[in-house]
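**Student:** Mind having a look at this structure? Questions to follow.
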Amino acid sequence: MYKRKIMKILFAVSCAMTAQQSNAEENWGYQGEKAAKHWADLDPAFTTCKTGVNQSPIDIRNSKAINANLIPINIQYHQNSKSIENKGTTVQVNFEPGSQITAEGKTFQLLQVHFHHPSENYIDGQEYPLSGHFVHQNENGELAVLNVMFEEGPENPALAKIWKKIPKKNHKVDFTNVFSGTELLPKTKMYYRFNGSLTTPPCSEGVRWYVLKTPVVASKAQIDQFEKAIGVNHRPLQFVNARTILK
Ligand SMILES: [Zn+2]
């Protein structure tokens, strides 16, 4: 009995060395009383989820988007992943400083990429089974999200690398220098540009959205694996209101 207890403690210690408790469970979610329609009522800090007028996600209608001859985004991502965490609400890969994008004359550092199933944003009424949100921040604290859509197809080797390391809920593990954001990007990087918000509480606005038009692939098994780990984690579509979408 005593020996078993010691073994249990040793096991717990060894686990703690490889996986650390990342954060407490979020006070919002996607099901039941924590679901998106209740976010604004869960915490006064989440009021914008209800009162905001430039909220994300949206259905991007190509015919309503304005031709703006958008300048290609200069993407400079490096293999500088740092850690991977299961936040309960998503799977997130964090990066060391150094990967960045330059868009509209501003440079934003890549902080993290996380995933949604299904995609959150739609393109022409179409939802995708998975999307990746590359979250960046510039020196003024402004946020820019590069959105990559996944359609069902062959296995995605970059995604396989990430999925293999998904820790248990609310845990974070080391993922140092093994993954670059470029591994998940399509060759063609034409995009839609609009203003929006975080798609999770506190739903803060003033976020620049760059949604890549060309999807990449993920296999059915990979999509199922994410659903098994996290479940369905998409916020319903929000009104476009007075916003302009550029293409
Ligand atoms: Zn997201």
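The values are calculated or read from the model by the stated rules, or taken from the named source; none is laboratory data. None of these values were measured; they are calculated from a predicted model. Positions of Cβ are generated from backbone atoms using ideal geometry, with glycine treated the same way; all protein chains shown enter the neighbour counts.
**Student:** Can you name every residue in the stretch 220-247 that is over 17 Å from the mean Cα position of the chain (by Cα) and among the aliphatic types (A, V, I, L, M)?
**Tutor:** Residues satisfying the conditions are Ala221, Val240, Ala242, Ile245, Leu246.
**Student:** While we're looking at this one, here's another question. Whether any residue in the stretch 173-191 is within 16 Å of the ligand (Cβ to nearest atom), modelled with pLDDT of 95 or more and among the polar types (S, T, N, Q) is what I want to check.
**Tutor:** no
**Student:** Which of the residues that make up the stretch 117-131 are surrounded by fewer than 23 Cβ atoms within 10 Å (Cβ to Cβ) and of a type in the set (A, V, I, L, M)?
**Tutor:** Ile123
**Student:** Is it the case that Ala158 is modelled with pLDDT of 95 or more and either within 14 Å of the ligand (Cβ to nearest atom) or farther than 20 Å from Gln100 by Cα (or both)?
**Tutor:** No; evaluated as a whole, the condition is false for this residue.
**Student:** Anything in the stretch 94-134 that is of a type in the set (Ser, Thr, Tyr) and either over 20 Å from Pro186 (Cα atoms) or within 16 Å of the ligand (Cβ to nearest atom) (or both)? List them, or say none. Step through it out loud before you land on a result.
**Tutor:** So the first thing to find is which residues in the stretch 94-134 are of a type in the set (Ser, Thr, Tyr), and the list is 99, 102, 107, 119, 122, 128, 131.
Scanning the stretch 94-134 gives Thr107, Ser119, Tyr122, Tyr128, Ser131.
**Student:** What number of residues within the stretch 45-66 satisfy the criterion of being surrounded by 21 or more Cβ atoms within 10 Å (Cβ to Cβ) and either in a helix (DSSP H, G or I) or modelled with pLDDT under 95 (or both)?
**Tutor:** The number of residues fulfilling the criteria is 1.
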